[in-house]
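Trainee: First the structure, then my questions, so here it is.
The values are calculated or read from the model by the stated rules, or taken from the named source; none is laboratory data. Being a predicted model, the structure only gives us computed values, none of them experimental. We place every Cβ from the backbone using ideal geometry, glycine too, and count neighbours over all the protein chains shown.
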Amino acid sequence: MKQTTFALKGTICYSQSQNQIGVYPDSYLVCENGLCAGIFSELPEAYHGIPVRDTEDSLIIPGLTDLHIHAPQYSFRSVGMDMELLQWLDNIAFPEEAKFSDLEYARKSYSIFVNDVKRSATTRLSAFGTLHVKATELLMDLMEETGLKAYIGKVNMDRNGPDILQEKSARDSALDTIAWIEEVQDKYKNVRPILTPRFTPSCTDELMKELGRIQKQYHLPVQSHLSENLSEISWVKELCPNTAFYGEAYDQFGLFGGEGCPTIMAHCVHCPDEELALIKKRGVYIAHCSQSNTNLASGIAPVRRYLEAGVKIGLGSDIAGGFSVSMLRVMADSIQTSKLYWRLKDNAAKPLTLEEVFYMATVGGGSFFGKVGSFEKGYEFDAVILSDRNLPYPQEFTPLQRLERLVYLSDDRNITGKYVAGTRIF
Ligand code: GUN
Ligand code: FE
């Protein structure tokens, strides 16, 4: 790998705590060997002569992490938005995912996906593929080429699906998973496998047991769905009468965080207190997917409660429950739904602030990938350049007001540069 030192010049903004965005106008952000080396108002002598990309007073922010996204669902996003989760899965998502048994179809669909996510402000993502090993490997190949860093999961599902999208048995699912892991685990620089039991209604106990074993053997992280929708939660109660709450359905098989098992659980809209306590105890990441929760009428996750409880939390687009791959849009949506929650549900749950959603979209979710999502020294150099030249204004705006506009107006045309671990994407 070529090791280089360079700087970006502009107005640099990054989270210094959940409640504070540090702002450095007209400054240099130096990258050394893929890592952040510091922010300077004047380049120190040691850096004189390094290449400088002058962004002409654009904002420079850490790359955004999409902690939950379904790659195969991208090309039908915004279609079929009038159903709740279980009906939507049966009628829209499952029939579409079944098409990925055809590699040519998968190539068409995944090429559209990776192209668009490459252009977005997302630098890191944790994605579901489908149950198909070959199509998931193809997705990993295509994602590797973008330069973005991603966890990608071959989905496991051996019950309650249609015949066209269901693995024949727990054993077949486990064997496919092992073959897939063996094939991909050392193949890529940017892409890593993640174990992906779709959700409890899709996975028999036998399959979960196998996945627990595979997790221990291969030390893979885990991603799934949790407490998204009320009908789903009732169904899980019926399917797992031995559990006190949904999270236990994963935890009983060692698939719910804890030492050596980094885990992302998407949604967490309706978690009882005991579930939240276990999430916290096991260090499980919550992927808050506000837009999806609105589209599928799942509800509004009590994010204020999660922030106050000090649990790990990032944001997800949940394409195609969500229709927008833009994490800027996802940030804006998270603020908006938190206001509805405050007004309609709990007047003690103050709405989320720009600082808080910025935190969750950068270092909150980024930390799942290591030292990611900040410009503190030693963090991986993931940076996005945001220009508001296309959004002219006659008055004076502070840098944070400019950032707020760029978040709410969330338009890819304002994203003029992106770096991942020091590599320039565009
Ligand atoms: N639960 C199980 N599968 C899915 C899915 O594809 N999308 C969402 N939003 N929830 C799920
Ligand atoms: Fe999802």
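Trainee: Could you tell me whether I286 is of a type outside the set (S, T, Y), over 24 Å from L352 (Cα atoms) and within 16 Å of ligand 2 (Cβ to nearest atom)?
Mentor: When the stated conditions are applied, I286 does not pass them.
Each row is one residue, and each column tells you yes or no for (1) outside any loop (DSSP other than H, G, I, E, B); (2) hydrophobic (A, V, I, L, M, F, W, C); (3) within 21 Å of the chain's Cα centre (by Cα); (4) more than 15 Å from ligand 2 (Cβ to nearest atom).
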{"position": "E228", "(1), (2), (3), (4)": "no, no, yes, no"}
{"position": "W235", "(1), (2), (3), (4)": "yes, yes, no, yes"}
{"position": "N242", "(1), (2), (3), (4)": "no, no, no, yes"}
{"position": "A249", "(1), (2), (3), (4)": "yes, yes, no, yes"}
{"position": "F256", "(1), (2), (3), (4)": "no, yes, yes, yes"}
{"position": "G260", "(1), (2), (3), (4)": "no, no, yes, yes"}
{"position": "A266", "(1), (2), (3), (4)": "yes, yes, yes, no"}
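Trainee: With hydrophobic (A, V, I, L, M, F, W, C), surrounded by fewer than 21 Cβ atoms within 10 Å (Cβ to Cβ) and under 15 Å from I61 (Cα atoms) as the only criterion, which of L400, L409 stands out?
Mentor: The conditions single out L400.
Trainee: Also, I was wondering about something else. Tally the residues that are surrounded by fewer than 24 Cβ atoms within 10 Å (Cβ to Cβ) and of a type outside the set (D, E, K, R), restricting the search to region 141-150.
Mentor: 3
Trainee: Just give me the residues in region 49-78 being within 16 Å of ligand 1 (Cβ to nearest atom) and among the aliphatic types (A, V, I, L, M), in sequence order.
Mentor: Those that are within 16 Å of ligand 1 (Cβ to nearest atom) and among the aliphatic types (A, V, I, L, M): L67, I69, A71.
Trainee: Cβ-Cβ under 6 Å, sequence separation 6+ or interchain: first residue in region 187-207 and touching a residue at least 60 places away in the same chain (Cβ under 8 Å), partner part of a strand (DSSP E or B) and more than 10 Å from ligand 1 (Cβ to nearest atom). Which pairs?
Mentor: Close Cβ pairs (under 6 Å, with a partner that is part of a strand (DSSP E or B) and more than 10 Å from ligand 1 (Cβ to nearest atom)) amount to N190/K149; I194/Y151; I194/G153; I194/Q223; L195/V222; T196/G153; T196/Q223.
Trainee: When the residues of region 306-322 are narrowed to those that are without any contact (Cβ under 8 Å) to a residue 40 or more places away in the chain and not in a helix (DSSP H, G or I), which ends up farthest from ligand 2 (Cβ to nearest atom)?
Mentor: G310
Trainee: Could I ask something else about it? So which residues in region 336-359 are surrounded by 19 or more Cβ atoms within 10 Å (Cβ to Cβ), in contact with a helix residue (DSSP H, G or I) (Cβ under 8 Å, 6 or more places away or on another chain) and under 17 Å from Q20 (Cβ atoms)?
Mentor: Scanning region 336-359 gives L352, E356, V357, F358.
Trainee: Another question, then. For region 34-67, what are the residues that are over 17 Å from L148 (Cα atoms), within 21 Å of the chain's Cα centre (by Cα) and charged (D, E, K, R)?
Mentor: Within region 34-67, none qualify.
Trainee: Out of region 178-216, which residues are more than 26 Å from W235 (Cα to Cα) and either not in a helix (DSSP H, G or I) or not hydrophobic (A, V, I, L, M, F, W, C) (or both)?
Mentor: Hits for region 178-216 are E182, E183, Q185, D186, K187, Y188, K189, N190, V191, R192, P193, K216.
Trainee: Another question, then. Condition test on L220, is it part of a loop (DSSP other than H, G, I, E, B) and within 19 Å of I152 (Cα to Cα)?
Mentor: On the way: part of a loop (DSSP other than H, G, I, E, B): yes; within 19 Å of I152 (Cα to Cα): yes.
So L220 passes the test.
Trainee: Can you name every residue in region 349-396 that is without any contact (Cβ under 8 Å) to a residue 40 or more places away in the chain and either hydrophobic (A, V, I, L, M, F, W, C) or assigned to a helix (DSSP H, G or I) (or both)?
Mentor: Passing the criteria: only L391.
Trainee: Turning to a different aspect of this structure: Need pairs with beta-carbon distance below 8 Å; first residue among the aromatic types (F, W, Y) and within region 146-172, second part of a strand (DSSP E or B); sequence gap 6+ or separate chains.
Mentor: Y151/L125; Y151/S126; Y151/A127; Y151/V191; Y151/R192; Y151/P193; Y151/Q223
Trainee: Hey, another quick one. Restricting attention to region 172-197, and to residues there that are among the hydroxyl-bearing types (S, T, Y) and within 16 Å of M157 (Cα to Cα), which single residue is farthest from the chain's Cα centre (by Cα)?
Mentor: Across region 172-197, the extreme among qualifying residues is S173.
Trainee: Continuing with this model, one more query. If I ask for residues that are surrounded by 16 or more Cβ atoms within 10 Å (Cβ to Cβ), part of a loop (DSSP other than H, G, I, E, B), more than 16 Å from ligand 2 (Cβ to nearest atom) and of a type outside the set (S, T, N, Q), which ones from region 71-129 would you list?
Mentor: Within region 71-129, A121 is the sole residue that qualifies.
Trainee: Same structure again: Scan region 244-255 residue by residue and report those that are within 13 Å of L276 (Cβ to Cβ) and surrounded by 24 or more Cβ atoms within 10 Å (Cβ to Cβ).
Mentor: Across region 244-255, the qualifying residues are Y246, G247.
Trainee: Quick one: which of L29, L43, L8, L67 is modelled with pLDDT of 95 or more and in a loop (DSSP other than H, G, I, E, B)?
Mentor: So the residue among L29, L43, L8, L67 that is modelled with pLDDT of 95 or more and in a loop (DSSP other than H, G, I, E, B) is L43.
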